[in-house]
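> One structure coming up, written as structure tokens, with questions to follow.
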Amino acid sequence: MSTHTWDAVWLNAQLATMTDGDNSDNGGYGEISDGALAVKDGVIAWVGKQSDLPTNDQTLATHDANGAWITPALIDCHTHIVYAGNRSNEFEARLNGATYADIAAQGGGILSTVRATRMASEDELFNLSLPRVRRLMSEGVGVIEIKSGYGLDLDSEAKMLRVARRIGETLPITVKTTFLGAHALPPEFSDNADGYIDHVCDVMLPNLFQAGLVDAVDAFCEHIAFSPIQTERVFARARALGLPVKLHAEQLSDQGGASLVAQYGGLSADHLEYLLSAGIAAMRRANTVATLLPSAFYYLRETKLPPIDALRTAGVPMAVATDCNPGTSPLTSLLMAMNMACTLFKLTPAEALAGTTRHAAQALGLAHSHGQLRVGMRADFALWDITRPADLSYAMGANPCVGLVLGGADVERGV
Ligand code: NIG
Ligand code: FE
């Protein structure tokens, strides 16, 4: 008599479990060679060496991984993937000599995406955004965070967040939404940033929360965006509603944003090129994830590196994300972001993979259920035709993903 009933089992796999604290292989991948993995009710029911697999007559489906590597499905924990229009015209203008300031003075930059996003119908916005998400999925992504922030009025922010929810209902991917009302100052409030923050706190956030559209709250704390005092007002309102916070912090200058978001028990502080030691200590104490966005660094030709060594030494968990957006990171490849995290920021390939699995899960408040191959966690995993896990960060432009299983079910990988 069998003591286990499983819905499916995968045999002949190499596993990179990415489990917490399991560095016994010294590589940081939690490797299990000649491994197997079983699934029941959408959850990982067994994982280990195939030779230790209990015999089980009642497994409904047996899959042969044919020696493929299996990792947790990847997680993109910072995107602005729902938007209309694009800004290749600005990209081209800059390369023909225009400055960022010239472009902004002509109404370009974030506000040009706001105009296009406001004008797009909900269906148009959905149809523009869906293929971008499919491209991420084609590379083994199973969870994505999607921010608002190109609407900047109640109706347009609601439209963006509804599109984000609809993506999660249409595709088998898990979507976490983030309200980023405090992204830029909309034209209706020009010269009245405090008035706009009042509107964000008193009208937009409560309404969108009521509508069930908000899983977390973000802001852009920067000299060209909102001050720490304005940011803190948004955080206080989020806390009153019981919503977790995160922050675009220290991207262009040190504003003390990382300390501020840590003070609010924030899930993550993101970008961090100008992060100083006080911010690192505060993040360590609060267990706030450092989300690194190397493609925005690349695209803006930034030269100031985030303090990777200091974050590593302090033991601050580091995530890696695409920051997919039309202005500073038109990127729909999380593998490319991992490559850039290694080449530009000198993460090790194991750190880059932890950054798109275990630590990215933590950055979304999903550490208990996602980002590791561990019994009891959701059966979200990707199969790869690679020689070793470092290949995921090593290759550029290759897509070695040969399978994606989400909630225990084999899914279409799009494109
Ligand atoms: O994460 N830093 C602010 N926001 C985005 C860029 C948005 C845009 O330029 O459209 C970012 O880089
Ligand atoms: Fe961003």
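> Which one is most open to solvent (accessible area, probe 1.4 Å) among residues in region 298-309 that are among the hydrophobic types (A, V, I, L, M, F, W, C) and touching a Leu at 6+ places or on another chain (Cβ under 8 Å)? Before the answer, list the steps.
Taking region 298-309 and keeping what is among the hydrophobic types (A, V, I, L, M, F, W, C), we get 300, 305, 308.
Pick out the ones that are also touching a Leu at 6+ places or on another chain (Cβ under 8 Å) and you get 305, 308.
On the way: 305: 85, 308: 14 Å².
Checking each candidate, the answer is 305.
> Hey, any hits in region 289-297 for a residue that's in contact (Cβ under 8 Å) with a residue 60 or more places away in the chain, open to solvent by less than 10 Å² (accessible area, probe 1.4 Å), hydroxyl-bearing (Ser, Thr, Tyr) and under 18 Å from residue 352 (Cβ atoms)?
Yes, that holds for at least one residue.
> Let me ask another. For residue 319, all conditions in the list (1) in a loop (DSSP other than H, G, I, E, B); (2) at pLDDT 95 or above hold save one; what is the number of the exception?
(1)
> Can you go through 354, 379, 367 and tell me which one is within 15 Å of the chain's Cα centre (by Cα) and crowded, with 23+ Cβ neighbours inside 10 Å? Reasoning before the result, please.
On the way: 379 fails: within 15 Å of the chain's Cα centre (by Cα); 367 fails: crowded, with 23+ Cβ neighbours inside 10 Å.
Sole residue among the options that is within 15 Å of the chain's Cα centre (by Cα) and crowded, with 23+ Cβ neighbours inside 10 Å: 354.
> Follow-up question, since we're still on this one. Checking the conditions here, which among 329, 333, 253 is of a type in the set (S, T, N, Q), out of contact with any Pro (no Cβ under 8 Å at 6 or more places or on another chain), closer than 23 Å to residue 357 by Cα and open to solvent by 10 Å² or more (accessible area, probe 1.4 Å)?
333 is the lone residue from the list that is of a type in the set (S, T, N, Q), out of contact with any Pro (no Cβ under 8 Å at 6 or more places or on another chain), closer than 23 Å to residue 357 by Cα and open to solvent by 10 Å² or more (accessible area, probe 1.4 Å).
> Look through region 398-410, keep the residues that are in a loop (DSSP other than H, G, I, E, B) and within 20 Å of the chain's Cα centre (by Cα), and return whichever of them is farthest from residue 341 (Cα to Cα). Outline the logic, then answer.
Keep residues of region 398-410 that are in a loop (DSSP other than H, G, I, E, B), which gives 398-400, 407-408.
The next check asks that each one be within 20 Å of the chain's Cα centre (by Cα); those that pass are 399, 407.
On the way: 399: 17, 407: 28 Å.
Checked region 398-410; the qualifying residue farthest from residue 341 (Cα to Cα) is 407.
> Name the residue that is farthest from residue 202 (Cα to Cα), counting only residues in region 212-262 that are within 16 Å of ligand 2 (Cβ to nearest atom) and among the β-branched types (Val, Ile, Thr).
224
> Moving to a separate point now. In region 166-206, what residues are touching a residue at least 60 places away in the same chain (Cβ under 8 Å) and either open to solvent by 40 Å² or more (accessible area, probe 1.4 Å) or in a helix (DSSP H, G or I) (or both)?
167, 172, 176, 187
> Okay, moving on. Of all the residues that make up region 20-43, how many are assigned to a loop (DSSP other than H, G, I, E, B), touching a strand residue (DSSP E or B) at 6+ places or on another chain (Cβ under 9 Å) and at pLDDT 85 or above?
Number of matching residues: 3.
> Restricting attention to region 274-288, does a residue exist that is surrounded by fewer than 24 Cβ atoms within 10 Å (Cβ to Cβ), assigned to a loop (DSSP other than H, G, I, E, B), modelled with pLDDT of 95 or more and away from ligand 1 (no atom under 16 Å from the Cβ)?
Yes, some residue in region 274-288 is surrounded by fewer than 24 Cβ atoms within 10 Å (Cβ to Cβ), assigned to a loop (DSSP other than H, G, I, E, B), modelled with pLDDT of 95 or more and away from ligand 1 (no atom under 16 Å from the Cβ).
> Could I ask something else about it? Output the strands (runs of 3 or more DSSP E) that fall wholly within region 44-121 and possess 1 or more residues being open to solvent by less than 10 Å² (accessible area, probe 1.4 Å), within 16 Å of ligand 2 (Cβ to nearest atom) and at pLDDT 95 or above, or say none. Steps first, please.
Values: elements: 61-64, 69-72, 74-76.
Output list reads 74-76.
> Specify the residue that is farthest from residue 182 (Cα to Cα); the eligible residues are those in region 133-158 that are part of a helix (DSSP H, G or I) and open to solvent by less than 20 Å² (accessible area, probe 1.4 Å).
Here is the first cut: in region 133-158, the ones part of a helix (DSSP H, G or I) are 133-138, 154-158.
Those still in the list that are open to solvent by less than 20 Å² (accessible area, probe 1.4 Å) too: 133, 136-138, 156-158.
On the way: 133: 24, 136: 26, 137: 29, 138: 32, 156: 14, 157: 11, 158: 14 Å.
Filtering region 133-158 for residues that are part of a helix (DSSP H, G or I) and open to solvent by less than 20 Å² (accessible area, probe 1.4 Å), the one farthest from residue 182 (Cα to Cα) comes out as 138.
The values are calculated or read from the model by the stated rules, or taken from the named source; none is laboratory data. Treat the numbers as computed from the prediction; the structure is a model and nothing was measured. Glycine also receives a Cβ, built like all others from the backbone with ideal geometry; neighbour counts cover every protein chain displayed. Keep in mind that these areas ignore ligands, DNA and RNA; they rest on the heavy atoms of the full protein, side chains included. Shrake-Rupley method; radii C 1.70, N 1.55, O 1.52, S 1.80 Å.
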